[in-house]
Amino acid sequence: MFEMFANAWTPVLPISEISSVPVAIELAGEPLVLFRDAQDQIIALLDRCPHRSIPLSLGQVTPEGNLECAYHGWQFGSNGACTRVPMNSLNPAQLSKLSAISFPTRTIAGLVWVFTGTGNPPEPELPPSLLEADDRYIIYHEIWNAHWTRAIENSLDNVHVPFVHRNSFGGGMRDIAQSNAIVQVYITSTATGLIINNRIDTLPFGLELEWHQPNCVVDKFDLLGMPLRAHIFAIPVNDRQMRFMQVILPSPGIDRTNFDFDGFVASAIEDRVILEAQKGEVPNTTDECNVPTDEPSLRFRRWYYRAVKDQKTAENTQLSTH
Ligand code: FES
Ligand SMILES: [Fe+2]
């Protein structure tokens, strides 16, 4: 389950988009249904009824906060437990064998987070800038026809800015890119990712980024004097699609009407055009040409092939030998 994205916390949608009406999404190739129960908790279940496999998202939430399947009316509670099977007399032991599959959720930074595994997960490891009150964040998301790994690679790569974003925030870097300026990339490994400093040798400052495994990149624009810190999430939908999510934290005290946050967010469309023209996941480190400024991308690829792909291959090998 969740092939190539297992046992990870990821945001999936803004909290504001989840109500007592079931919402169907696809996450890393698996169908999920999200809804709020009677206690206002956000519940995530596999969107497949254990009875006859129709999407639970076709059903409705009862006043008691259970999700009632549209086909035969079985009801499922918060943890996926089957609480009612109409027109059958079943004892608790029988009911306990009819559970839907549920996934852990959290609400953080105005987002619903889902853990792509079952059981008791570790708590999500988050950058401190995602621990503010929910209403401080500006959240934007859309589905792109691109692989999530290409979007992380793109977010770790600053040298594309004066080219892809020439008509927006990268315009000011055009002259630098046409000069003999060199970008030096300084990388520090952390327990769960990387800190990356991009220093242009002709300037006294550079953009600092953080990559948080698996799919979050923090752009510290505020350290460059802009009134925001940006968090980019590349959320796998399936092999061909991802959800691009930007979570903007305006700097404290900023008057939101004094900065074009919508225009800033909209510049991501320039990345979308590029990423949708690339096909499939990032290749391994030797399959495309690379230069020194690609080092963050190469570090990400090494992690992806070691921690995600190789692990999956090992599992398959194990399965095929038993
Ligand atoms: S298919 Fe869901 S209750 Fe029968
Ligand atoms: Fe970009």
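At a glance:
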{"item": "Mean separation of Cα contacts under 8 Å, 6 or more apart, over the residue count of the chain: relative contact order %", "result": "16 percent"}
{"item": "Cα-based shape type of segment 1-85, given that a ≥ b ≥ c are square roots of the gyration tensor eigenvalues and the cut on a/c is 1.5", "result": "oblate"}
{"item": "Average Cα contact separation per residue, segment 84-139, under 8 Å, 6 or more apart, as relative contact order %", "result": "30 percent"}
{"item": "GNM flexibility winner over the chain from Arg299, Arg166, Arg240 (Cα, springs under 10 Å)", "result": "Arg166"}
{"item": "Among Arg150, Arg174, Arg229: highest mean-square fluctuation, GNM of the chain, C-alpha pairs under 10 Å", "result": "Arg174"}
{"item": "Residue among Ala191, Ala181, Ala38 with the largest mean-square fluctuation in a Gaussian network model of the chain, springs linking Cα atoms under 10 Å", "result": "Ala191"}
{"item": "Inter-part distance where segment 65-95 and segment 143-164 are each reduced to a Cα centre, Å", "result": "44 Å"}
{"item": "Computed helical MRE - 222 nm, the chain, DSSP H runs ≥ 4 contributing -39500 (n - 2.57), nearest 500", "result": "-4500 deg cm²/dmol"}
{"item": "Electrostatic dipole magnitude of segment 9-124 [Cβ: Lys, Arg +1; Asp, Glu -1; Cα centre; debye, to 20]", "result": "300 debye"}
{"item": "Charge dipole (segment 1-111, unit charges on Cβ, about Cα centre) - positive-most of Gly65, Ser96, Met1", "result": "Ser96"}
{"item": "Charge dipole (debye, nearest 20) of the chain; +1 at Cβ of Lys and Arg, -1 at Cβ of Asp and Glu", "result": "660 debye"}
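Values quoted throughout were computed directly from the atomic coordinates according to the rules given, and no laboratory measurement underlies them. None of the values given here were measured: they were computed from a predicted structure. Because the Cβ atoms are built from the backbone with ideal geometry, glycine has one as well, and the counts that use them run over all protein chains shown.
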